[in-house]
Amino acid sequence: MVMAARKRPAAAVLGAGHATTTQGSPTRCKRSRVNNIRSSWEDGSAEPPDTTELLREAGFLEACDRNPYVVGFEGLVRDPDNGAYGLVMEYVAAPTLHEFLWNRRRGGGPPLPESTVRAIMWKLFTGAKKMHDRHVVHRDIKPANILIGQEGELVKICDFGLAISLSELPPYNQAGTAFYLAPELLGKEDYDALVYTWSLGCVMAEMLTGKTLFLGDDDDDDDDDDTNNEIIQLWSIFRLLGTPDDRTWPEFTSLPHTAKALRLLPPGHKENKLRDLFPQEKLSDEGFQVLQGLLTYNPDKRLTAAAALKHRWFAAPRRAPAAAKVDALSFLVKKAPRIKFIPPAMPQKNLLKIPVAVWNAAQQV
């Protein structure tokens, strides 16, 4: 449905492999975590990833160091055979939220209760706020890029391959997964950081229903028809939330696909049906206020992670883990990405094996 903006490298994981799947989720970025960087790259070729792009992602992961709700970064490992680098990530023995919800639905289980969704969203908002405090915008937040375990106690955002820095000025390339893209992303290149909270709103809705909220076109095979797919995606948003106007969102008419998307709807379609999908018995008034704030058309009026954390939906006292307490001055310290050889902790068959001679030589550089 949408094209990858660039090649994505595989990531090396200490201990075991962790696959990320995206059933029914067309995306600009598909990637697997593998336990051996000699495995083939994402496009099935034996070509190594672009080192510059890999170092860029490593820099974003390094910037998010000590964020308890972002997957940990251990450094870079290098294949002694071909010199290719791979990311070494914290091993998280947990499925993605996408897999978790899909398995729950397949097993006949009900959607997650509001209390569980609230606990997970608090962690996601906290993780996102800390990311943006460090000027990092993920751009591809979706269930497939969130690891969840221990009944929702463990929540980690992963895969920063499409991230950007707030210090970078537009235009930006389009990036992310269509179903979770804010409407201003569909065809425009001058969006801002608030695209991420729309994605969080889509994730919140999916946890409450077990289904993707804005399922425009799930055909991921026609890469030559991106424009039509973006029109359908915009239509699916308008169909549920009603169409905005120049008063509610002044930039509405500047979207390149607005006119064509509106032709697919009945004339004067203004009604917002979001509350019909999330009645009181499914989502409290406070919870709906958060969801509605995230899924607000106008980015200038959209709920931020910082504002969401202060909402009365999270009024119950909660204590952040000790790992979340980071000295504010540490944000000002610029650290170079960790580039190092990482030998196996123990001789296991599936771990990357770096010859002792190569390891010793690297330590003397």
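Going through Lys129, Lys123 one at a time, which residue ends up being surrounded by fewer than 22 Cβ atoms within 10 Å (Cβ to Cβ) and under 16 Å from the mean Cα position of the chain (by Cα)? Give the steps one after another, and end with the answer.
Values: Lys123 fails: surrounded by fewer than 22 Cβ atoms within 10 Å (Cβ to Cβ).
Of the residues listed, the single one that is surrounded by fewer than 22 Cβ atoms within 10 Å (Cβ to Cβ) and under 16 Å from the mean Cα position of the chain (by Cα) is Lys129.
Looking across the stretch 108-147, the residues that are free of Cβ contacts under 8 Å to residues at least 12 places away in the same chain and within 17 Å of Val203 (Cβ to Cβ) come down to Pro113, Ser115.
Among the residues of the stretch 92-120, write down those that are part of a loop (DSSP other than H, G, I, E, B), farther than 20 Å from Trp313 by Cα and more than 18 Å from the chain's Cα centre (by Cα).
In the first step, residues of the stretch 92-120 are kept if they are part of a loop (DSSP other than H, G, I, E, B); the result is 92-95, 107-113.
Pick out the ones that are also farther than 20 Å from Trp313 by Cα and you get 92-95, 107-110.
Those that are part of a loop (DSSP other than H, G, I, E, B), farther than 20 Å from Trp313 by Cα and more than 18 Å from the chain's Cα centre (by Cα): Ala93, Gly107, Gly108, Gly109, Pro110.
Condition check ((1) more than 26 Å from Phe160 (Cβ to Cβ); (2) in contact with a helix residue (DSSP H, G or I) (Cβ under 9 Å, 6 or more places away or on another chain)) across all residues:
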| site | (1), (2) |
| --- | --- |
| Asp81 | yes, no |
| Gly86 | no, yes |
| Pro110 | yes, yes |
| Glu114 | yes, yes |
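Within the stretch 307-336, which residues are touching a helix residue (DSSP H, G or I) at 6+ places or on another chain (Cβ under 9 Å) and at pLDDT 95 or above? If the condition is that a residue be touching a helix residue (DSSP H, G or I) at 6+ places or on another chain (Cβ under 9 Å) and at pLDDT 95 or above, then Ala307, Ala308, Leu309, His311, Arg312, Trp313, Phe314 are the ones that fit. Taking the criterion of being small (Gly, Ala, Ser), touching a Phe, Trp or Tyr at 6+ places or on another chain (Cβ under 6 Å) and over 22 Å from Phe238 (Cβ atoms), the only residue of the stretch 258-287 that qualifies is Gly287. Here is the figure for the stretch 212-254: residues that are modelled with pLDDT under 85, among the small types (Gly, Ala, Ser) and either closer than 18 Å to Arg302 by Cα or not in a loop (DSSP other than H, G, I, E, B) (or both) total 1.
Would you check if there is a residue in the stretch 272-282 being among the acidic types (Asp, Glu) and surrounded by 13 or more Cβ atoms within 10 Å (Cβ to Cβ)?
no
Inside the stretch 275-308, can you point out the residues that are outside any loop (DSSP other than H, G, I, E, B) and of a type in the set (D, E, K, R)? Walk me through how you get there before you give the answer.
Restricting attention to the stretch 275-308, the residues satisfying the condition of being outside any loop (DSSP other than H, G, I, E, B) are 275-277, 285-294, 299-301, 305-308.
Scanning the stretch 275-308 gives Arg275, Asp276, Asp285, Glu286, Asp300, Lys301.
Are there any pairs, at least 6 apart or on different chains, whose C-beta atoms fall under 6 Å, with the first in the stretch 272-288 and acidic (Asp, Glu) and the second in a helix (DSSP H, G or I), and if so, which? Within 6 Å, the pairs are Glu286/Arg312; Glu286/Trp313. Remark: pairs (first residue in the stretch 148-170, of a type in the set (Ser, Thr, Tyr); second residue surrounded by 14 or more Cβ atoms within 10 Å (Cβ to Cβ); Cβ separation under 8 Å; 6+ apart in sequence or on different chains) = Ser165/Phe60; Ser165/His135; Ser165/Val136; Ser165/Val137; Ser167/His135.
The values are calculated or read from the model by the stated rules, or taken from the named source; none is laboratory data. What you see is a predicted model; the values in this text were computed from it and never measured. Note that we place each Cβ from the backbone using ideal geometry, even for glycine, and neighbour counts take in every protein chain shown.
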